[in-house]
1. On the protein heavy atoms, probe 1.4 angstrom, tell me the percent of accessible surface of the stretch 176-315 carried by carbon and sulfur.
2. Which order do the peptides 106-113, 53-60 take when ranked by the mean count of other beta-carbon atoms within 10 Å per residue, highest first?
3. Taking the Cα centre of the stretch 129-177 as origin, work out the dipole magnitude from +1 charges on Lys and Arg Cβ and -1 charges on Asp and Glu Cβ, in debye rounded to 20.
4. For the stretch 176-315, just the Cα atoms, rotate onto the principal axes and tell me the three extents in Å, largest first.
5. Which FRET efficiency, nearest 0.05, do Lys304 and Asp146 yield, Cβ-Cβ r, R0 56 Å?
6. Of Lys92, Lys123, which has the most accessible area with a 1.4 Å probe, and how do the rest follow in descending order?
7. Dipole of the stretch 154-302 (Lys/Arg Cβ +1, Asp/Glu Cβ -1, origin at the Cα centre): which of Leu239, Ile181, Phe169 lies farthest to the positive side?
8. Per 0.36 nm of contour for each residue apart, how much would the distance between Asn134 and Lys200 grow if the chain were fully extended, relative to their Cα-Cα spacing?
Amino acid sequence: MAPQQAKPSAPASRESAAPTDDLPVGPPSGLSAIPSQYNSEQGLRQSMKQIAYDEAREDGYRLKGIQLIDGVRQGLQLPVKTFDTAAIYYHKFRVRFPSNEYNYEDVALAALFVACKAEDTIKKSKEILCAAHNLRQPHDHKTPDDKIFEAPSRFTVGLERHILETIGFDFRVQYPQKLLIKMVRKAFPHEDSAAREEGKKFLRVAYNMSIDLYKTFAPIKQATFTLVLAILELTALLLDTDSDKMREFGSPADWHSQRACVLETMLDLLDLYTQFPKSTKVGPQLAVQKVMDVKIDINNIVAKEKHRRYHGWCDRCAPDVVDTRSVTPGSATSPATNPSLPGSGSTKRKRAPSEGTQRFVFDADEARKEKDLVNRHFNDEYEEHEVEVEETIRDPEPRHPGRSNHSYRGHGHNQADYGWPSHHRSSRHGHPGDRHRSRRGHGY
């Protein structure tokens, strides 16, 4: 049987013809926004102000959360890049949600769970929870198949979605360790045995400092080159290394950075070593007086070069910003594996008007075309016209048909009617229609 020939389609009408322009066809894309990988110190403080950030308490939770991520990472033998990613996700989540909604341990383990997927070092949620349990309680060793990890595993998977919403599906993370090793090898060549031994000592301190750096907010404020330059310079100052080796790298402008940002990162690390030395890897190895002397020298450099303590700080900016936090339920009933906080009520947040479904457009020209197309639907255009209309005035109708419109105002009864019955306390001034009422019916 021969196949049937397809019927020729009718020519398309002019109304159904495709548009001649290259604008995309489909529903409006909504509001367009460019995600920012970094944040300023002022922006972080404004975000923390919205969640009633208690600095003394939240700083301790921040350090404990990063230490937990690092300990579980080492227990599972994960690469350092997974630790960097998890720490950044943890910081971004903590500056938008207070600790009375989500336990810091739950957030730390969930951030590590998301980081394992983002860095292609996949681990199951039960494996991460089991490693955290064995780290806290080494005498009670358990396996990932234990039933006690069923409920925490479901909660970790549910918290994964909230972390993805918080970071806006922006998985860009900087890894300073790889660049740090290359620059240390350049400063201390292996041809010289003395320089090689000095370089090993220098790298040991600098590498631990790169881990301590993620216990501050510097990784979400500065770029990779800025972090590495700050670590190299601060390590050289603390170890009294020859400054000529650091001059080989030139100025920060050669590395797409600024001197003010490098100084800010160094001061952030020094604040960490002076306030929380026991919670760091490098702090216990340093003398307190040496750290204070280096901090004083850097503050003098900041004042001499006329830099601000925090780069990009604006005194005239409004302290309050629009609340753009996502709608996520609180975890007052959080099944924390080791709860450190009592349960507390949670508050639900409303989605900001500018927040919606996030899309990824890689072509800047296409993004501009979509934005121009969408603006046509959101721009309201009005035309004002004045029209004169003649209206006929009708004669007032009598209140009681068949009777004269009698008013009591002429008899001295000039009381205003405010909706209450026209009854009076005294029968002397009562309404003429009340003469048949009983005395008890008078008044109220």
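1. Working: 3670 of 6950 Å².
Percent of accessible area from carbon and sulfur atoms in the stretch 176-315: 53.
2. Per-residue Cβ counts within 10 Å, averaged per peptide and sorted highest first, yield 106-113, 53-60.
3. 60 debye
4. 51, 35, 27
5. The computed FRET efficiency comes out at 0.40.
6. Order by accessible area, largest first: Lys123, Lys92.
7. Phe169
8. Length gained, Asn134 through Lys200: 20.5 nm.
The values are calculated or read from the model by the stated rules, or taken from the named source; none is laboratory data. What you see is a predicted model, and the numbers here were worked out from it, not measured in a lab. Here Cβ is always computed from backbone atoms with ideal geometry, including for glycine, and neighbour counts include all displayed protein chains. We work out accessible area using only protein heavy atoms, side chains counted, and drop any ligands, DNA or RNA first. Shrake-Rupley method; radii C 1.70, N 1.55, O 1.52, S 1.80 Å.
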